[in-house]
Amino acid sequence: IEIYSLHVDCKVTSRFAHTIITSKIVNRANESREATFEVELPKTAFITNFSMSIDGKAYPGIIKEKASAQKEYDTAVSHGQSAGLVKITGRKLEQFHVSVSIAAASKVTFELTYEELLKRQLGKFELLIKVRPKQLVKHFQIDVHIFEPQGICFLETDSTFMTNELTEALTKVQNETKAHILFKPTVDQQKANPGLNETLLNGDFVVRYDVKRGATAGDIQIVNGYFVHYFAPCELPVFPKNVIFVIDRSGSMAGRKIEQTRDALLKILQDLRPEDHFSFITFNSKVAEWKSALLKATAENVASAAGFVQTLSASGGTDINRALLTAVSVLDKAERLPERSVSMIILLTDGQPTSGESNVEVIQENIQEAVNGKYALFCLGFGFDVSYKFLEKMALSNGGIARRIYENADAALQLQGFYQEVATPILMKIEMQYPENAVEGLTKNNFKLFFEGSEIVVSGKISNELDLLPVEIKAQSHASDLTLKEEANIKEKEQVFQNQSYIFGNFIERLWAYLTIQQLLEKSISAQEEDQKTLEAQALELSLRYSFVTPLTSMVVTKPAGQQQTELANKPTEAG
């Protein structure tokens, strides 16, 4: 079985990435063989299309509601479940895997399309392409086109498998608003060493970039009556933070995990700003406060905290409920905190609640009632014994986010990286306002906090024949209350994309659908049961209308007669 061609074709238009992976395979044996198409794609992406064509006959994947697809599949396959075509393979990736049997001398072409909105983190957008052909490929290429009307201010490529020879196969062309990256290694360049047929191509190929930002009220782009508004202010003063680290030191944290936690906390302590206030609460079946109040991050207090962190050891049970309630009460009682400051609780745990209150629903209610919208709660789940669903619901109900920390050598770096994302809040209570009668289907437009290096994205549909779209942003910065205003000239904005040949026409509409589905699904996590059904029904309708494989839909893949006829591609979620 020879993969004679493998193309990754990616177009990024204004952060929205549309990727097509095409693999062409021929069976050179004189009997039928199994041809496999295995692709890893970002977890944040939605598959939108898949087809295989065998000797010219096409077998397209069809996207249906998950429940009905499952029913159909169960009827077709009486002998129990196969694993499905998609599974999570790492912290950023999931794998799509399909095999089909093809006759001697036959050819098959596999084609997979997926889309995602690139998210700005720590000042950069990142496009991740996983490369693992497992054999030398005669025609191999990665082709990335980026078009950013705001202008590209920074662009780099990075790869985990580059050699000097392979670097020669990489070309980058860039002007003000466009970039083209082509990676096209010959068979000889792909070889790990000349005599052997082993490939070097195994790992990540990453493109990172950022855009220019001129306008104070962000940047608006419009295509076919849909708009997207990007807002990422910079050079604003940072709010002082009041942060409580709530650290699990139960028995299961013993050994490497508690060591990595100590390493990460020592580095995070160095990153605190002098105007920040902080404290630690550690817990097993007992809850211990390092100090009874928040301390200012002076050199002396940070040094004393570092001494404390170095003594952390692990044993006993897990009382998450009391630990978090204690953290909330420390913030409630805190005095002499900076008037304009951001208060947050960062919980790190690796297990289920076993001591004290162990019913997760009761804990969620207790915490939400205590926090009452005053503070942001971030939940970090260490490893796979945590109930991620529980942590995610708790964080999203209290203005924060959850993140899984993978038990790898770089766990300390993952913890630190997360802290860096939330370390510099520069705006709070952000309201993105648009004329009510002129905009429909608006995505989330109120945000509690904005962290430097990230980006706020709002999208919607312009409902009537407007010439101008006025926008107003209200927010609080450390120095003052801000009001920013802008008017977008709709005809001019539409013009920007008109003469761009390689742009898929309705990309802002698809971006709007992608963002709306993501937000509906996120909202449903912390919603009451009856609201949950409504939110999921809306997300399902959009997933089907725009053909996205989301947690609510499945793609049914049909194969030629005589083989296991149907298989399902489902979207896995972090909560499992």
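Listing for the model above:
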| quantity | calculated |
| --- | --- |
| The range 286-302 residues that are over 14 Å from residue 241 (Cβ atoms), paired with ones that are small (Gly, Ala, Ser) (beta carbon under 8 Å, 6 or more apart) | 286/316; 287/323; 289/279; 290/279; 290/305; 291/279; 293/279; 293/334 |
| Residue match in the range 485-499 (condition: under 20 Å from residue 46 (Cβ atoms), of a type in the set (Asp, Glu) and outside any loop (DSSP other than H, G, I, E, B)) | no |
| Filter result for residue 417 (farther than 21 Å from residue 318 by Cβ and either under 18 Å from the mean Cα position of the chain (by Cα) or among the aliphatic types (A, V, I, L, M) (or both)) | yes |
| Matching option when the condition is assigned to a helix (DSSP H, G or I), under 30 Å from residue 480 (Cβ atoms) and either of a type in the set (A, V, I, L, M) or in contact with a strand residue (DSSP E or B) (Cβ under 9 Å, 6 or more places away or on another chain) (or both), among 244, 258, 268 | 268 |
| Number of the exception - residue 409 against (1) of a type in the set (A, V, I, L, M, F, W, C); (2) at pLDDT 95 or above; (3) open to solvent by 30 Å² or more (accessible area, probe 1.4 Å) | (2) |
| Flag if residue 20 is within 31 Å of the chain's Cα centre (by Cα), in contact (Cβ under 8 Å) with a residue 40 or more places away in the chain and open to solvent by less than 50 Å² (accessible area, probe 1.4 Å) | yes |
| First in the range 25-37 and over 15 Å from residue 7 (Cα atoms), second anywhere and open to solvent by 60 Å² or more (accessible area, probe 1.4 Å) and in a loop (DSSP other than H, G, I, E, B), Cβ under 7 Å, 6 or more apart | 27/1; 27/105; 33/1; 35/1 |
| Selection within the range 549-566 - in a strand (DSSP E or B), open to solvent by less than 30 Å² (accessible area, probe 1.4 Å) and either without any contact (Cβ under 8 Å) to a residue 60 or more places away in the chain or out of contact with any helix residue (DSSP H, G or I) (no Cβ under 7 Å at 6 or more places or on another chain) (or both) | 549, 555, 557 |
| First in the range 446-463 and within 23 Å of residue 126 (Cα to Cα), second anywhere and in a strand (DSSP E or B) and open to solvent by 30 Å² or more (accessible area, probe 1.4 Å), Cβ under 7 Å, 6 or more apart | 449/428; 453/121; 454/121; 456/447 |
| Verdict on residue 141 being under 25 Å from the mean Cα position of the chain (by Cα), in the same structural domain as residue 44 (by the TED database) and not in a loop (DSSP other than H, G, I, E, B) | no |
| Failed criterion for residue 126 (all others in (1) touching a residue at least 60 places away in the same chain (Cβ under 8 Å); (2) buried (at least 19 other Cβ atoms within 10 Å of the Cβ); (3) not in a loop (DSSP other than H, G, I, E, B) hold) | (2) |
| Any hit, the range 247-259, residues being under 23 Å from residue 431 (Cα atoms), hydrophobic (A, V, I, L, M, F, W, C) and crowded, with 19+ Cβ neighbours inside 10 Å | no |
| Within the range 180-224, tally of residues that are open to solvent by 30 Å² or more (accessible area, probe 1.4 Å) and either among the basic types (Lys, Arg) or part of a loop (DSSP other than H, G, I, E, B) (or both) | 19 |
| Inter-residue pairs, beta-carbon under 6 Å, first open to solvent by 30 Å² or more (accessible area, probe 1.4 Å) and in the range 1-15, second among the small types (Gly, Ala, Ser) and part of a strand (DSSP E or B), 6+ apart | 1/35 |
| Residue, nearest to residue 439 (Cα to Cα), within the range 454-478, restricted to residues that are open to solvent by 10 Å² or more (accessible area, probe 1.4 Å) and not in a strand (DSSP E or B) | 463 |
| Members of the range 152-179 found to be surrounded by fewer than 16 Cβ atoms within 10 Å (Cβ to Cβ), over 24 Å from the mean Cα position of the chain (by Cα) and not in a loop (DSSP other than H, G, I, E, B), listed by number | 164, 165, 167, 171, 172, 173, 174 |
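Yes/no matrix, rows are residues, columns are (1) at pLDDT 90 or above; (2) touching a Cys at 6+ places or on another chain (Cβ under 6 Å); (3) open to solvent by less than 50 Å² (accessible area, probe 1.4 Å):
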| site | (1), (2), (3) |
| --- | --- |
| 483 | yes, no, no |
| 502 | no, no, yes |
| 509 | yes, no, yes |
| 522 | yes, no, no |
| 547 | yes, no, yes |
| 573 | no, no, no |
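The values are calculated or read from the model by the stated rules, or taken from the named source; none is laboratory data. None of the values given here were measured: they were computed from a predicted structure. Every residue, glycine among them, receives a Cβ derived from its backbone with ideal geometry; neighbour counts consider all protein chains shown. Only protein heavy atoms, including side chains, enter the accessible area calculation; ligands, DNA and RNA are left aside. Shrake-Rupley method; radii C 1.70, N 1.55, O 1.52, S 1.80 Å.
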